[in-house]
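**Q** Sharing a structure here in structure tokens format.
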Amino acid sequence: MPTVSTMTMTRNESQETATSPSGALPAMLQQVQALESMIAEHGRKAEIDRRLSAELYQALEQAELFAMTVPRAYGGLEMHPLDVYRVWEAVARIDPAVAWNLVMNGSMTAMLAWLPQRGADQIFADGPTTVAGALHPFCTAVRADGGWRLSGQVPFASGCDHASWFILPGMEMDGEGPKLDPVTGQPAPMVMLLPRADGTVLDTWHTLGMRGTGSADIVVNGAFVPDHLCYSVGPLEHPNPGFDGPMARLFPLFTVMGEAVISVAVAATMIEQLVGLAQRKAPAYTTVALRDRELAQYQAGCARARVDAARAFIHQAVNEGYAEACQPLRLTTETKIRMQLAASFAADACAEAGRLVHAAAGSSGIRNELGFERAFRDLHTLSQHGSKALPRYGSAGRLMFGLENDWIFLSF
């Protein structure tokens, strides 16, 4: 297992860290290093339990790893997105499921920019907090005095066992179907926040990979959501004052690329494991060491090229997006295309890198104790996530051809 001090794979990565845009980066990497043994130990346990332990979740919160994307106005660190990626990759090099919980919390936190200020003030009354949830399928929302009654079941809510708040999608119903906006003629979906005590977690998370993320279902049955803790889905026109910085304008593509950072970390670790294996292994029934086999050399080189290219594309795209968001303007279509392609390419290329490494490792790739097997499962689970799966190449291509957008995350 690589340590935090050896996680960067290239000289350029080390140089980037030294010229970090965020003064908080060195301190946060030190926090990761201090938690490395705990993350590794509890991460192995989470793979079995299918969720993070409460002890580890609390330690991450105390180390401010959940506060990196929270605005300074609410007691957070509001770090440069490139530095947030560096920390997420550092954690993912130890355990990807732990890092995934940080990414998903960052995604949910960014969504609070749309809330009325009263709602954001309530949620951050005691400083940075933790949020879990998902955006599909919609729960039914029924008008009540001063708010809504929300009922339904939403899957894939990573970290829901421990988060303080839930964020869920709602749809106002009109008879048998959703109520339509009188102007657009379309349904008007909403995003709703509620304390975790108002929802129930169902243990439904049984998957090929990323087993430790705790991405279970949340069930609500008539939970009351006041008006100041919900908003209609749409572009961010008037963020509440605490979220008026550039980070909010990068949502949701900032976190879509953040998800892909996990793929980069998993594949990078897998390559390092192969390099170590090659020094000591001679494949069965042969006399030629693995490191001396041209096919293995080719597979290692191809895998490394894909991982380094994926990381570089993500870093370049987020830097360009951040510069544009500082204007402050909505992201251009071209910027959104590049950010989406960076995420999709990283997930795709790193899954392919995993296949190359797995093939080079031979029978060692199927043994649980060597780590290749879990990494292979995790990479292919990550590549299936809807925000960066293969169809999203097509979503970017539609915009390139000047066609109507078919993917909601490119609408903001």
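The values are calculated or read from the model by the stated rules, or taken from the named source; none is laboratory data. None of these values were measured; they are calculated from a predicted model. Every residue, glycine among them, receives a Cβ derived from its backbone with ideal geometry; neighbour counts consider all protein chains shown. For the accessible areas, the whole protein counts, side chains as well, though only heavy atoms, and no ligand, DNA or RNA atoms are used. Shrake-Rupley method; radii C 1.70, N 1.55, O 1.52, S 1.80 Å.
**Q** Among the polar types (S, T, N, Q) and within 30 Å of Ala59 (Cα to Cα) - does that describe any residue in region 126-148? Full working, then the answer.
**A** Going residue by residue through region 126-148, those that are among the polar types (S, T, N, Q) are 129-130, 140.
Add one more test, that the residue is within 30 Å of Ala59 (Cα to Cα), and what stays is 129-130.
Taking every residue of region 126-148 in turn, at least one turns out to be among the polar types (S, T, N, Q) and within 30 Å of Ala59 (Cα to Cα).
**Q** Name the residues in region 156-185 that are of a type in the set (A, V, I, L, M, F, W, C), open to solvent by 60 Å² or more (accessible area, probe 1.4 Å) and more than 20 Å from Ala144 (Cβ to Cβ), would you?
**A** Of everything in region 156-185, those that are of a type in the set (A, V, I, L, M, F, W, C), open to solvent by 60 Å² or more (accessible area, probe 1.4 Å) and more than 20 Å from Ala144 (Cβ to Cβ) turn out to be Phe156, Leu180, Val183.
**Q** Residues being within 19 Å of Phe224 (Cβ to Cβ) and either touching a residue at least 60 places away in the same chain (Cβ under 8 Å) or in a strand (DSSP E or B) (or both): count how many of those fall in region 122-131.
**A** 3
**Q** Okay, next question. Is it true that some residue in region 74-89 is small (Gly, Ala, Ser) and assigned to a helix (DSSP H, G or I)?
**A** For region 74-89, residues small (Gly, Ala, Ser) and assigned to a helix (DSSP H, G or I): absent.
So that you can scan it fast, the table gives a plain yes or no per residue for (1) open to solvent by 10 Å² or more (accessible area, probe 1.4 Å); (2) over 24 Å from the mean Cα position of the chain (by Cα); (3) at pLDDT 90 or above:
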residue: His238; (1), (2), (3): yes, yes, no
residue: Leu250; (1), (2), (3): no, no, yes
residue: Leu253; (1), (2), (3): no, no, yes
residue: Gly258; (1), (2), (3): no, no, yes
residue: Ser263; (1), (2), (3): no, no, yes
residue: Glu272; (1), (2), (3): yes, no, yes
residue: Gln279; (1), (2), (3): yes, yes, yes
residue: Ala282; (1), (2), (3): yes, yes, no
residue: Thr286; (1), (2), (3): yes, yes, no
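**Q** When region 129-147 is examined, which residues are found to be more than 30 Å from Glu373 (Cβ to Cβ), surrounded by fewer than 23 Cβ atoms within 10 Å (Cβ to Cβ) and of a type outside the set (S, T, N, Q)?
**A** Across region 129-147, the qualifying residues are Leu135, His136, Pro137, Phe138, Val142, Arg143, Ala144, Asp145, Gly146, Gly147.
**Q** Could you tell me which residue of region 299-323 is farthest from Gly362 (Cα to Cα), considering only residues that are surrounded by fewer than 19 Cβ atoms within 10 Å (Cβ to Cβ) and of a type in the set (A, V, I, L, M, F, W, C)?
**A** The selected residue is Ala323.
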